[in-house]
Amino acid sequence: MSSNGKLDVLISTYGVEGLQRVTKMNLPQVEGVRYVVSLQNPENKLIEIPELLTRPDVLISIINSKGLSKNRNNAISLSEADVCLIADDDLQYTEQQLLAVLETFRSQPNVDVAMFKYDGDNKLYPDKVVNLSEGMPKNYYPSSVEIAFRRSSLLAKGIKFNENFGINARYGCCEDPLFLHDCIDAGLNCVFFPITITTHNGVSTGNRPMMRPDLPEAHGAYIRRVYGFSGILRVPLFAWRNHRTGRLRFWWGLRYLLKGFLANPASR
């Protein structure tokens with residue numbers, strides 16, 4: 001595991017198929033960069049590590065749990081670098097992009113959490129640097145693969161991904177904005193930089209139609225977690241806005257939004 005401890009790219013994946021997707025990422029070898037692959041294998045299948053991943057700059061950890069947030073937390077626990085970058089198993093990186101992440105933290109010593117851009121989903125971003133600790137830009141929402149942070153900052157505040165949220169958890173999404181909310185709530189300096197750091201081909205989870213009940217439930221639970229009971233008026237507004245974009249059937253979605261909101265998942 002050769003790395004100068006500068007940047008760990010934390011890749012979460014699931015099963016044999018997920019590990020094969022990691023091989024297709026063609027991870028660039030960059031001085032000071034290590035790839036930590038957290039592989040969930042709850043079925044205890046026999047897993048053979050592909051030769052392409054038997055590299056000194058790749059660490060693979062196989063765990064038996066389910067839940068994307070548990071997977072991300074396992075990867076964070078294995079990190080030894082100054083800076084961590086959250087990743088999935090279907091991204092493409094260049095050496096220049098990874099070095100841009102490191103340069104951002106080198107040149108911005110007061111930044112604890114940096115949010116970046118990715119290509120491939122027609123996502124709208126602010127066109128300038130924004131201090132997210134002072135408020136979120138209109139129509140902006142965070143995605144996990146845009147998140148990088150100083151490991152020491154998270155350790156000092158005890159911040160992790162909320163394991164009630166994310167794929168294969170009680171609530172099927174919203175772990176990304178909740179993670180950022182917890183960072184801001186803990187007083188960390190969180191800043192958006194209009195720098196593209198990776199490519200993701202295909203539609204992200206945040207733009208897909210919400211067809212399963214656990215997805216609107218997750219948004220309802222997230223609203224309650226962030227805004228408290230006074231956020232109740234945001235629930236029908238969220239349902240209406242997403243109904244207009246075709247992502248959600250209004251009355252069906254409102255039902256499960258309210259279910260998640262009333263569950264009140266207060267703990268981290």
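The values are calculated or read from the model by the stated rules, or taken from the named source; none is laboratory data. Only a predicted model underlies this, so the values are computations on that prediction, with no experimental measurement involved. Backbone-built Cβ (ideal geometry, glycine too); neighbour counts: all protein chains shown. Side chains are part of the model used for accessible areas, which takes the heavy atoms of the whole protein and leaves out ligands, DNA and RNA. Shrake-Rupley method; radii C 1.70, N 1.55, O 1.52, S 1.80 Å.
Overview of values
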read-out	value
The range 91-233, relative contact order in percent, only Cα pairs under 8 angstrom and at least six apart counted	37 percent
Cleavage-rule hits (GluC sites (Glu not before Pro)) in the range 1-73: DSSP loop, at most 15 neighbouring Cβ within 10 angstrom	Glu31, Glu43, Glu48
Nitroxide proxy distance, nm - points 7 Å out along Cα→Cβ at Tyr140 and Ala186	2.0 nm
Loop-located GluC sites (Glu not before Pro) in the range 55-106, at most 15 other Cβ atoms within 10 Å (DSSP)	Glu80
Placed amide H near Thr198: partners under 5 Å, 5+ positions off or other chain	Asp119
Net charge contributed by nearby residues that have their C-beta within less than 15 Å of Leu233 (K/R +1, D/E -1)	+3
Lys, Arg +1 and Asp, Glu -1 on Cβ, resulting dipole of the range 67-173 about Cα centre, debye, nearest 20	440 debye
Spacing of the two label points (7 Å from each Cα toward its C-beta) at Leu78 and Ile167, in nm	1.7 nm
Contact order relative to length of the chain, as percent, for alpha carbon pairs under 8 angstrom and 6 or more apart	19 percent
Gain upon complete extension [Trp251, Gln29; 0.36 nm per residue less C-alpha separation]	74.9 nm
Förster radius 51 Å - calculated FRET efficiency between Tyr227 and Leu46, Cβ distance, rounded to 0.05	0.65
Computed [θ] at 222 nm, helices only, for the chain once each DSSP H run of length n ≥ 4 contributes -39500 (n - 2.57)	-10000 deg cm²/dmol
Shape of the range 150-268, Cα gyration tensor, a/c cut at 1.5	oblate
Label of the coordinate-derived value, Rg/Rh (Cα atoms, Kirkwood Rh), listed as (i) 0.96; (ii) 0.98; (iii) 1.33	(i)
Rel. contact order, % - alpha carbon contacts under 8 angstrom, at least six apart, the range 185-254	29 percent
Antiparallel bridge percentage (DSSP; both residues within the chain; nearest 5)	30 percent
The range 109-212: C-alpha gyration tensor shape, a/c 1.5 cut-off, then a/b vs b/c	oblate
Spin-label pair Thr199/Ile63, simplified geometry with 7 Å Cα→Cβ offset, distance in nm	3.1 nm
Heavy-atom accessible surface of the range 1-106: percent carbon and sulfur, 1.4 Å	49 percent
Electrostatic dipole magnitude of the chain [Cβ: Lys, Arg +1; Asp, Glu -1; Cα centre; debye, to 20]	1200 debye
